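Each value in this text was obtained by applying a stated rule to the coordinates, not by laboratory testing. Since we're looking at a predicted model, the values are computed, not measured. Neighbour counts are summed over all protein chains in view; Cβ atoms, including those assigned to glycine, are modelled from backbone coordinates with ideal geometry.
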Amino acid sequence: MSNKYYEFFCPVKVIAGKAALEHIPYELTGMAAKRPMIVTDKGVRAAGLLDPVIAACEESGLEIVSIYDDVPPDSSTSVVRDIAGIYRSEKCDSIIAVGGGSAIDTAKAVNILVSEGGDDIAAYAGAGVLKHPLKPFFVVPTTAGTGSEVTSVAVIADTEKHVKLPFTSSFLLPNAAIIDPRMTLTLPPHITAATAMDALTHATEAFTCMAKNPLSDAYATAAIKKISTSLLAVMDNPKDADNRLELAEASTMAGIAFSNSMVGLVHALGHATGAICQLPHGLCMSLYLPYVLEYNLESIRGPLGELLLYLDGPEVYAATPASRRAEASISAIRRLRDALYKHCKLPRTLKETGKVVEEQLERIADVALDDGAIMFNPKEVTLEDARAVLRRAWA
Amino acid sequence: MIAKRIQPMVFQARRLYVELMFQVMGRALQAVSEVDASVQNDARALPVGFLFEMMVMPYGSRLIVEHVGNGRFHYHGTSAPRPVDLSIQFKHIAHAFLVLSFQEKTSVAFANDRMLVDGDISYAIRMTRVLNRLEAFILPKLVAQRAVKEYPANLHLPEKLVSAARIYLKVASNFVETVRA
Ligand SMILES: [Fe+2]
């Protein structure tokens, strides 16, 4: 018998589709929550995305007690402390995060403080520190990419000590993720493209990295299929609610996949690039994905070849000899990337971003080698290897 | 304690083996860090006085090494002079045995949720790389290919050290055969 073993866990209720937001009041009452607080950012509010959420609650006689709309793109321990203070003084009893990765991570951290007590979020950093369930918590994602609504991780910057604090616990998972096409309908094209590429990367890495397992595989392949059939349709017609919903669902499914099977070198390089060059995460994913797949090719030929079915459909899959499918999968991803460049000038290389100088590649390689994601990359990565991938992604 | 009555010898053997391998690895970590540039490079990024622990949950065997500077490790045996900075914890002795008998790669064990990291993840990555390198040193190439993701092309270590460690390995493979059966 082989040593094969895996774990899979996702207790998040997924509430998805038309009029999904209107289920929030029922879900809150089901957990005896009467005084919810919304945690969000200025962009979400300005785009008018809070209105349908608030309307949905008020129509059911549920009052939103407090709205914090000042979450910065890179949230910090002081922001978390402030929000927890408001939550307490307003006597809230539950949290609804409305937004992207930062708002969701912030809300997760706030939930730790308001449930466990204290003002020092750093005391709860690390894995497995939390031992009890937290307050009722709901997430309404407004980007289709990060998958944070189904991950048990939050990262918060400690601005005084200049470190990023990771928090890992299954208690961080929300009670429900509410996926409503209205939330992503107004997402600008380049963000739609970049976040979808993040989701595609989650699914692709989940399916090709070391911790892949049958359950995460099922989520990953389904997510890839949805992205490859819906992304360009949405780019052509941003108001296409059906395909918007497909992308949002794909993002959640890819999130479920990677939170159970982890990611690899694309994310290690992406995290490093984000930290050093302030490049958006989704864009980094789009830049590195094809080159990392090429680097990993001989270690992942089998699974990568299988992905062709979901990337290019059954006709292409059947017409491609088994020995060429892995390469064909990489080509399909490159074609998608090139199409996105045509649509919204989503950069294809590091150079095209205009935000990276060649001298930074060394540093990016150094930092990437210390990133947690590199542990699960199917092929060992040395400093030289990382540099080589970066040089290929340069121009 | 029914299980104990059924296979007492096997459990006893496994425990002894894990303890022995922790000792071998602890000493080998110190030895390799004195001669191998690649291990030193990875270790140098660790703070001086950094304490690394590998242990079996809940209170089982453990090994503790300290980074004493310049990429060198010092083996402390099973007790730490102060709270450790990074702890890699096997969830069960059975999982420690899988890894320490080289039936499961360290990175696969992480991927398979066999162990937990308590501490800075980037230090954990470095220590995993050091452990990979170490496994490649003390194992015959054939076994090492199973234990690490890739067998490094540039291994140069005094033959004496290698053969000393491999003696333990002989013991190890016998254990695996006995316990696996
Ligand atoms: Fe990502």
### Residue among A:LEU172, A:VAL155, A:THR106 farthest towards the positive dipole end of region A:13-182, charges placed on Cβ
A:LEU172
### Message
Using each residue's phi in region A:333-347, evaluate 6.51 cos²θ - 1.76 cosθ + 1.60 at θ = phi - 60° and report the 3J(HN,Hα) Karplus result to the nearest Hz, with x for Gly and Pro.
### Response
5, 4, 4, 4, 4, 5, 5, 5, 4, 4, 5, 9, 6, 5, x
### Query
Under 5 Å between amide H atoms, partner at least 5 residues away or on a different chain: which partners does A:ILE179 have, H built in plane at 1.01 Å?
A:ILE15, A:ALA16, A:GLY17
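Rounding to the nearest 20 debye, state how big the charge dipole of region A:1-149 is about its Cα centre with +1 on each Lys and Arg Cβ and -1 on each Asp and Glu Cβ.
400 debye
I need the calculated FRET efficiency for the pair A:ASP82 and A:ALA46, taking r as the beta carbon distance and R₀ as 22 Å, to the nearest 0.05. Intermediate values should be presented prior to the final figure.
Details: r = 21 Å, r/R0 = 0.93.
For R0 = 22 Å, the calculated efficiency reads 0.60.
Work out the mean other chain Cβ neighbour count within 10 Å for the residues of A:122-130 and drop it here as an integer.
Numbers: counts 0, 0, 0, 0, 5, 5, 4, 1, 0.
Taking the mean over all residues of the peptide, I get 2.
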### Query
With axes computed from alpha carbons, what is the tilt in degrees of helix A:308-319 against the longest principal axis of chain A, rounded to the nearest 10 within 0 to 90?
30 degrees
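Once you order the gyration tensor axes a ≥ b ≥ c over the Cα atoms, which shape class does region A:3-116 get: rounded for a/c under 1.5, otherwise prolate or oblate by comparing a/b with b/c?
Numbers: a/c = 1.44, a/b = 1.12, b/c = 1.28.
Taking the square roots of the gyration eigenvalues as a ≥ b ≥ c, region A:3-116 is rounded.
What ranking do A:TYR68, A:TYR341 get, fewest neighbouring Cβ atoms within 10 angstrom at the top? List each step's numbers first, then the result.
Numbers: A:TYR68 21, A:TYR341 16.
In order of increasing Cβ crowding within 10 Å: A:TYR341, A:TYR68.
Note the full-extension length gain between A:GLU380 and A:SER323 as 0.36 nm times their separation in residues minus their Cα-Cα distance, in nm to one decimal. Please list the in-between numbers first.
Details: separation 57, 0.36 × 57 = 20.52 nm, distance 2.33 nm.
Here the segment from A:GLU380 to A:SER323 would lengthen by 18.2 nm.
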## Note on the structure
Quick calc: nm separation of the 7 Å Cα→Cβ label points for A:ASP120 and B:HIS74 -> 2.9 nm
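Let me make sure I get this right: for region A:275-395, a, b and c are the square roots of the gyration tensor eigenvalues over alpha carbons, sorted descending. Under 1.5 in a/c it's rounded, otherwise prolate if a/b > b/c, else oblate. Which is it? Intermediate values should be presented prior to the final figure.
Values: a/c = 2.57, a/b = 1.41, b/c = 1.82.
Verdict is oblate for region A:275-395.
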### Task
Mind sorting A:LYS379, A:LYS342 by how few other Cβ atoms lie within 10 Å of their own Cβ, fewest first?
A:LYS342, A:LYS379
### Query
In nm, to one decimal, how far is the B:LYS91 label point from the A:VAL316 one, both placed 7 Å along Cα→Cβ?
3.8 nm
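If you put +1 on each Lys and Arg Cβ and -1 on each Asp and Glu Cβ, how big is the dipole of the protein assembly as shown around its Cα centre, in Debye rounded to 20? Before the final figure, lay out each step's value.
Details: 59 positive and 62 negative charges, 359 e Å.
Here the protein assembly as shown has a charge dipole of around 1720 debye.
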### Task
Would you kindly derive the ³J(HN,Hα) couplings of region A:119-125 from the backbone phi angles with the Karplus curve 6.51 cos²θ - 1.76 cosθ + 1.60 (θ = phi - 60°), listing them in order in whole Hz, with x for Gly and Pro?
10, 9, 5, 4, 5, 9, 5
### Query
Long-range amide H contacts for A:ILE38: which residues qualify at under 5 Å (H placed 1.01 Å from N, peptide plane, sequence gap of 5 or more or a different chain)?
A:SER66, A:ILE67, A:TYR68, A:ILE96
### Integer Hz, Karplus 6.51/-1.76/1.60 couplings in order for region A:142-159, x for Gly and Pro
10, 10, 10, x, 5, x, 4, 5, 10, 10, 9, 10, 9, 10, 10, 7, 8, 5
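I'd like the mean, over residues of A:369-375, of how many other protein chain beta carbons sit within 10 Å of each residue's own Cβ. Don't jump to the answer; show the numbers that get you there.
Details: counts 6, 10, 3, 7, 2, 5, 11.
Going residue by residue through A:369-375 and averaging, the value is 6.
For the peptides A:137-148, A:82-93, B:113-124, what is the packing order when you average, over each peptide's residues, the other Cβ atoms within 10 Å and list the highest mean first? List each step's numbers first, then the result.
Working: A:137-148: 28.4, A:82-93: 16.9, B:113-124: 19.1.
Per-residue mean Cβ counts within 10 Å order the peptides as A:137-148, B:113-124, A:82-93.
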### Query
Angle between the Cα long axis of helix A:383-394 and the longest principal axis of chain A, 0 to 90 degrees, nearest 10?
90 degrees
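Determine the shielding of peptide B:124-130 by partner chains: average, over its residues, the number of Cβ atoms on other chains within 10 angstrom of each Cβ.
Numbers: counts 3, 8, 2, 0, 2, 7, 0.
Whole-number average of other-chain Cβ neighbours for B:124-130 is 3.
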### Paramagnetic reach from A:ILE54 in region A:68-99 [backbone N under 16 Å; point 7 Å along Cα→Cβ]
A:68-71, A:96-99
### Message
I need the shape label for region A:189-394. Rule: rounded when a/c is under 1.5, else prolate if a/b > b/c, else oblate, with a, b, c from the alpha carbon gyration tensor.
### Response
oblate
### Query
Taking a point 7 angstrom from the Cα of A:ASP158 along the C-beta vector, which residues in region B:84-101 have backbone N less than 20 Å away?
B:84-88
## Note on the structure
Listed by chain and number, the aspartates and glutamates with an alpha carbon less than 18 angstrom from that of A:LYS4, same-chain partners under 8 positions apart left out, are A:ASP217, B:GLU104, B:ASP113
### Message
With angles folded into 0 to 90 degrees, how steeply does helix A:241-261 sit against the dominant principal axis of chain A? Use alpha carbons for both and round to 10.
### Response
80 degrees
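For B:SER38 and A:LYS91, FRET efficiency with R0 = 41 Å and r from the beta-carbon atoms, rounded to 0.05? Before the final figure, lay out each step's value.
Details: r = 57 Å, r/R0 = 1.40.
Rounded to the nearest 0.05, the efficiency is 0.10.
Divide by every residue of chain A the summed helix terms, -39500 (n - 2.57) for each DSSP H run of at least 4, and state the resulting mean residue ellipticity at 222 nm, rounded to the nearest 500 deg cm²/dmol.
Numbers: 15 runs with 211 residues, N = 395.
Helix-only estimate at 222 nm: -17000 deg cm²/dmol.
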